[in-house]
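**Q** Here it is: the structure, laid out below.
The values are calculated or read from the model by the stated rules, or taken from the named source; none is laboratory data. Keep in mind the model is a prediction, meaning the values are calculated, not measured. Cβ coordinates were reconstructed from backbone atoms using ideal geometry, including for glycine residues, and neighbour counts include every protein chain displayed.
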Amino acid sequence: MNLTDQALAHTNSITANSIVDPTVSIVIPVHNGGENFHRCLASLKQFIPAAVEIIVVVDGGTDHSEQLAQEFGAKVLKFPTPGGPAQARNLGASVAKGDILLFLDADVTVHADTLEQVVAVFRNHPDLAALIGSYDDAPGETNFLSQYKNLFHHYTHQTSNETASTFWGACGAIRRDIFLQVGGFDQRYRYPSVEDIELGYRLKRAGYQIRLCKNVQVKHLKCWRPSSLLKAEFFYRALPWTELLWRDRQFINDLNLKVSSRVSLLLTYGLLIAIIAVFWWRAAIWIAIGLGCILFAINFPVYQFFQQKRGVWFACQTIVWHWLYFLYSGLAFAIGTIRYHGFVKHRISKPKLMHISEP
């Protein structure tokens with residue numbers, strides 16, 4: 001039975017308003033948003049009707065994000081000191097009036113049809129709890145690493161299962177009553193981390209449906225540099241995500257956890273060991289070449305995508321970063337596994353949910 005059939009079977013428990021015309025509140029956490037936040041607000045002003053509620057929660061910070069949001073007509077709330085996007089989103093959700101909460105990051109811009117697509121999905125699927133979108137294929141920053149990372153994110157979402165197992169805070173929407181019922185984002189995460197993934201896991205545990213809507217797209221404006229990328233990927237994503245995976249046993253063949261990615265991770269470490277072994281055993285070079293060829297073949301669709309979008313030279317450069325991604329992901333998984341089973345397990349089992357102090 002598809003989503004529409006299930007919805008028709010349960011219409012007696014759903015209000016007519018939620019079926020016909022759900023209202024939307026847009027919630028944006030911001031911490032020193034700068035020019036990217038200005039571009040975010042400008043896109044909302046250009047493409048979002050004035051009647052739509054826009055809530056900006058300033059999570060500490062020292063720049064003029066608060067004044068900027070007020071100038072654009074947003075409802076502004078503020079924490080005097082940073083507490084993380086989870087806390088900020090929860091506060092925005094607590095005062096929102098819309099049936100649907102559309103969460104956006106402060107460094108994305110919406111498309112002309114982003115809101116329309118979101119409303120249409122919830123209108124047509126009244127039993128759907130939440131949806132997530134995708135970055136588009138035209139990242140805002142032009143340097144190689146920003147193009148690579150954001151295009152890779154686009155590719156991952158565009159090639160994944162539409163029946164999602166996680167939530168996404170950069171462009172994700174959820175029915176407000178369900179969001180409040182499950183307790184919102186886990187406020188233990190005091191930096192941009194896996195608070196959205198954790199929410200998605202709780203939604204699925206509670207029996208709710210999440211959908212990946214590949215046509216709901218936003219443009220990511222973030223500029224990635226090697227240091228910022230590795231820090232965010234390793235410490236704020238891979239490590240805490242590993243602990244969540246063990247907590248919820250969500251080793252699903254989708255998104256970044258596809259079987260091809262797991263095999264690639266093992267091959268990458270095998271390749272590394274073979275390369276090191278060459279210093280003592282010359283014949284190991286053939287093992288390294290063989291493993292490298294297999295690794296390349298498994299991930300050829302990814303490199304073909306990069307070639308189609310940005311050319312051969314760009315695709316060649318991505319191979320190094322892609323294989324490095326497998327290396328640091330594997331290291332983070334090993335460390336995260338030891339941490340979880342060693343001394344983290346007892347404290348990750350109790351999320352800090354929707355206890356919001358007024359700023």
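**Q** Which of the numbered conditions does H64 fail, given that it passes all the others? Conditions: (1) in contact with a strand residue (DSSP E or B) (Cβ under 9 Å, 6 or more places away or on another chain); (2) free of Cβ contacts under 8 Å to residues at least 40 places away in the same chain.
**A** Just one mismatch for H64, condition (1).
**Q** Residues to consider are G98, G60; find the one that is of a type outside the set (A, V, I, L, M), closer than 25 Å to Q46 by Cβ and in the same structural domain as F47 (by TED's automatic domain parsing). I'd like the intermediate steps shown before the answer.
**A** Working: G60 fails: closer than 25 Å to Q46 by Cβ.
On inspection, the qualifying residue turns out to be G98.
**Q** Between a residue in the stretch 91-119 that is at negative phi and any residue that is basic (K, R) and part of a loop (DSSP other than H, G, I, E, B), which pairs come within a Cβ distance under 9 Å, given they are 6 or more apart or on different chains?
**A** Matching pairs, first to second residue: D105/K222; D107/K222; V108/K222.
**Q** Right, something else. For the stretch 133-146, give me each residue that is surrounded by fewer than 22 Cβ atoms within 10 Å (Cβ to Cβ) and polar (S, T, N, Q). Steps first, please.
**A** Restricting attention to the stretch 133-146, the residues satisfying the condition of being surrounded by fewer than 22 Cβ atoms within 10 Å (Cβ to Cβ) are 136-138, 140-146.
T142, N143, S146 - these are the residues of the stretch 133-146 that are surrounded by fewer than 22 Cβ atoms within 10 Å (Cβ to Cβ) and polar (S, T, N, Q).
**Q** Would you confirm whether any residue within the stretch 223-236 is surrounded by 20 or more Cβ atoms within 10 Å (Cβ to Cβ), modelled with pLDDT of 95 or more and touching a Ser or Thr at 6+ places or on another chain (Cβ under 8 Å)?
**A** Yes; the residues of the stretch 223-236 include at least one that is surrounded by 20 or more Cβ atoms within 10 Å (Cβ to Cβ), modelled with pLDDT of 95 or more and touching a Ser or Thr at 6+ places or on another chain (Cβ under 8 Å).
**Q** Quick test for you: out of N17, N12, pick the one residue that is in a helix (DSSP H, G or I), under 18 Å from V119 (Cβ atoms) and at pLDDT below 95. Don't jump to the end; show me each part of the working.
**A** Details: N12 fails: under 18 Å from V119 (Cβ atoms).
Answer to the selection: N17.
**Q** Would you check if C213 is in contact with an Asp or Glu (Cβ under 8 Å, 6 or more places away or on another chain), within 20 Å of C40 (Cα to Cα) and either of a type outside the set (A, V, I, L, M) or buried (at least 16 other Cβ atoms within 10 Å of the Cβ) (or both)? Quick ask: steps written out before the conclusion?
**A** Working: in contact with an Asp or Glu (Cβ under 8 Å, 6 or more places away or on another chain): yes; within 20 Å of C40 (Cα to Cα): no; either of a type outside the set (A, V, I, L, M) or buried (at least 16 other Cβ atoms within 10 Å of the Cβ) (or both): yes.
For C213, the condition - in contact with an Asp or Glu (Cβ under 8 Å, 6 or more places away or on another chain), within 20 Å of C40 (Cα to Cα) and either of a type outside the set (A, V, I, L, M) or buried (at least 16 other Cβ atoms within 10 Å of the Cβ) (or both) - is not met.
**Q** Go through the stretch 165-182 residue by residue and tally those that are crowded, with 24+ Cβ neighbours inside 10 Å and under 18 Å from K352 (Cα atoms).
**A** 2
**Q** If we only count helices (runs of 4 or more DSSP H) wholly inside the stretch 280-345, which ones have 3 or more residues that are among the aromatic types (F, W, Y) and surrounded by 16 or more Cβ atoms within 10 Å (Cβ to Cβ)?
**A** Numbers: elements: 284-298, 300-310, 312-339.
The qualifying helices (runs of 4 or more DSSP H) are 300-310, 312-339.
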